[in-house]
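Taking it in order: structure first as structure tokens, then the write-up.
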Amino acid sequence: MIAAGDCRHGARRLLRRAEAGIDRDAGFSVIDLVMGMTVIAIVMLSLTYVMVNSVVDVAFNRQRSTALTLANQATEEVRSLSPGVITNGMKGAADATWSQDPNVAGNCFEQQPLDVNGAKAATSCGTTTWTTPTCPTVVNGPPTASSLALGAPLSPHLACYSVGGRTYGVAVYLTGDPNTPPLTAWAVVWWLNPARTGLENHVVTNLSLSDCLLVGTTCGATS
């Protein structure tokens, strides 16, 4: 027969084992919870990083798209000028914005001589790096044909506009020899405080004006 003492002793052992099992299970549950929360936190941080970068990329692309629109508009404005105005070229020191633009210091742009006052302004051009000019007075809204000064955008060749709450600068250059076309109109548009740092905050477009300089043509212009 099994003694009563043995039964009580065995019951106590079973009770201690059960309690120990409960403690162990509770410990594992807390560890599992902490690990799970850590994994979720890592995933959430990763998703947040991706979402923030996506928003920044969209904003930067929108800024760049606006700049390209302004640049294309500027070259088309040059194209709309009469042949005489085009061949007379940029105005050099007579342009009120000339001294604000370090990119015209050597009378060259994109390794090509500028057309200044109807003449090739340099005999040779080296490699240059774009330098953001000083922005003149900022005008609200994108430019319109009626708002441009006479001779613009060749003189003044710099202008700044506020579009979508952001300042965009527009610089126009005319390169080549008016005696031996084609001439090329260049437009550089930059913007302040870009959404994405580390990338170029300016765009460059160009347009050949050879057809605009043929005798009797105005490229559709009336100016």
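The values are calculated or read from the model by the stated rules, or taken from the named source; none is laboratory data. Since the model is a prediction, treat every value here as computed from it, not as a measurement. Glycine gets a Cβ as well: all are built from the backbone with ideal geometry, and neighbour counts include every protein chain shown.
This table checks each residue for (1) surrounded by fewer than 19 Cβ atoms within 10 Å (Cβ to Cβ); (2) within 18 Å of W130 (Cα to Cα).
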{"position": "S29", "(1), (2)": "yes, no"}
{"position": "V34", "(1), (2)": "yes, no"}
{"position": "I40", "(1), (2)": "yes, no"}
{"position": "V43", "(1), (2)": "yes, no"}
{"position": "L47", "(1), (2)": "yes, no"}
{"position": "R62", "(1), (2)": "yes, no"}
{"position": "T75", "(1), (2)": "no, no"}
{"position": "Q111", "(1), (2)": "yes, yes"}
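Pairs, please: C-beta under 7 Å, at least 6 apart or cross-chain, first residue within 15 Å of E200 (Cβ to Cβ) and in the stretch 47-65, second of a type outside the set (A, V, I, L, M, F, W, C)?
Between residues of the stretch 47-65 that are within 15 Å of E200 (Cβ to Cβ) and residues that are of a type outside the set (A, V, I, L, M, F, W, C), the close pairs are D57/R196; F60/P194; F60/R196; Q63/R166; Q63/P194.
Is there a residue being surrounded by fewer than 11 Cβ atoms within 10 Å (Cβ to Cβ), among the small types (G, A, S) and over 30 Å from N179 (Cα atoms) anywhere in the stretch 115-136?
no
Has the stretch 141-159 got at least one residue that is farther than 24 Å from S82 by Cα, in contact with a Phe, Trp or Tyr (Cβ under 9 Å, 6 or more places away or on another chain) and either surrounded by 13 or more Cβ atoms within 10 Å (Cβ to Cβ) or at pLDDT 85 or above (or both)?
no
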